[in-house]
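Please read the structure below before turning to the comments.
The values are calculated or read from the model by the stated rules, or taken from the named source; none is laboratory data. Keep in mind that this is a model prediction, so the values were computed, not measured. Cβ atoms come from the backbone with ideal geometry, glycine included; neighbour counts cover every protein chain shown.
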Amino acid sequence: MAHKIAPSILAADFSNLQSACNIIENSAADWYHIDVMDGVFVPNISFGMPVIKAIKPHATKTFDVHLMIVDPDRYIKDFKAVGADILTVHYEACNHLHRTLQAIKAEGMQAGVALNPHTPVALLEDVIMDIDLVCLMSVNPGFGGQSFIEQTYDKVRKLRRMIDEKGASTLIEIDGGVTSANAKQLTDAGANVLVAGSFVFQSENPIQTCNELKDLVG
């Protein structure tokens with residue numbers, strides 16, 4: 001399958017999110033990656049449902065919404081209502097992960113699970129068949145612009161083996177520190193989706209950067 005590029009609007013200019021939409025819409029990018037932070041689960045606050053609702057009318061591509069919040073179950077229906085296509089919750093924030101995944105699917109969204117850098121992929125073995133996407137954090141969550149954690153490559157390979165052995169169709173997404181220097185190595189290891197924030201939106205030509213990343217990984 002073709003690999004997907006998902007620019008993270010967390011790294012965009014918040015005073016001009018219309019411009020960020022135009023970049024994603026007019027480039028080879030496949031998805032919008034939208035980070036929702038509550039200042040509790042992670043030490044930062046980003047944006048929530050009103051901003052996603054405001055962006056949605058200007059978008060034609062998939063909304064990949066990543067919840068870095070405590071008690072995500074409370075908001076599943078709300079994020080569906082504002083336009084989420086994929087809703088990713090953190091393993092570390094869910095006491096009853098299987099139930100949360102089923103609740104997301106019941107709303108017609110794809111269900112994702114994110115793992116912090118210290119969380120082993122083996123913990124997903126019993127639910128991997130119920131997960132549409134695993135988001136491996138390749139930086140500590142909460143802030144953009146961090147350096148890529150090199151151990152991520154091994155983690156991708158372990159997760160890819162698990163998915164293949166189980167016969168699952170789960171996608172592997174990498175979030176944090178993705179650049180043209182590591183993109184191909186990540187997809188070669190088994191990743192399907194690359195989230196790129198600062199590398200895209202702080203580049204001189206974000207549309208060209210998206211296109212080049214897409215060409216690089218195929």
Quiz item: Can you tell which of I9, I24 is surrounded by 14 or more Cβ atoms within 10 Å (Cβ to Cβ) and closer than 19 Å to K80 by Cα?
Solution: I9
Quiz item: Would region 51-62 turn up any residue that is within 20 Å of A6 (Cα to Cα), without any contact (Cβ under 8 Å) to a residue 60 or more places away in the chain and in contact with a Ser or Thr (Cβ under 6 Å, 6 or more places away or on another chain)?
Solution: no
Self-check item: Residue that is surrounded by the most Cβ atoms within 10 Å (Cβ to Cβ) [pool: residues in region 77-98 that are hydrophobic (A, V, I, L, M, F, W, C) and either touching a residue at least 60 places away in the same chain (Cβ under 8 Å) or in a helix (DSSP H, G or I) (or both)]
Solution: F79
Quiz item: Can you tell which of L159, L171, L186, L136 is within 24 Å of I207 (Cα to Cα), crowded, with 16+ Cβ neighbours inside 10 Å and within 18 Å of the chain's Cα centre (by Cα)?
Solution: L186
Practice problem: Take region 107-133 and flag every residue that is in contact (Cβ under 8 Å) with a residue 40 or more places away in the chain, surrounded by 15 or more Cβ atoms within 10 Å (Cβ to Cβ) and farther than 24 Å from F79 by Cβ. | Solution: V121
Quiz item: Taking D35 and the conditions (1) under 25 Å from C21 (Cα atoms); (2) among the acidic types (D, E); (3) assigned to a helix (DSSP H, G or I), which numbered condition does it fall short on, given that it satisfies the others?
Solution: (3)
Self-check item: Subset of region 186-209 that is of a type in the set (A, V, I, L, M) and part of a helix (DSSP H, G or I) - its residue that is farthest from F14 (Cα to Cα)
Solution: A189
Practice problem: Write out, first by first residue and then by second, each pair whose Cβ atoms fall under 6 Å of each other, whose residues are 6+ apart or on separate chains, and whose first residue, in region 2-16, is within 18 Å of T179 (Cα to Cα) and modelled with pLDDT of 90 or more while the second is basic (K, R) and assigned to a helix (DSSP H, G or I). | Solution: I5/K214
Practice problem: Filter region 1-20 for residues that are touching a helix residue (DSSP H, G or I) at 6+ places or on another chain (Cβ under 7 Å) and assigned to a helix (DSSP H, G or I) and give the result. | Solution: I9, A11, L17, Q18, A20
Exercise. May I ask you to say which residue of A122, A29, A114 is part of a loop (DSSP other than H, G, I, E, B) and hydrophobic (A, V, I, L, M, F, W, C)?
Key: A29
Quiz item: What is the one condition in (1) at pLDDT 95 or above; (2) within 20 Å of S8 (Cα to Cα); (3) part of a helix (DSSP H, G or I) that R74 does not satisfy?
Solution: (2)
Quiz item: Got a number for residues in region 108-128 being over 17 Å from I86 (Cβ atoms) and out of contact with any strand residue (DSSP E or B) (no Cβ under 9 Å at 6 or more places or on another chain)?
Solution: 5
Exercise. Quick one: count up the residues across region 57-71 that are surrounded by 15 or more Cβ atoms within 10 Å (Cβ to Cβ) and modelled with pLDDT under 95.
Key: 0
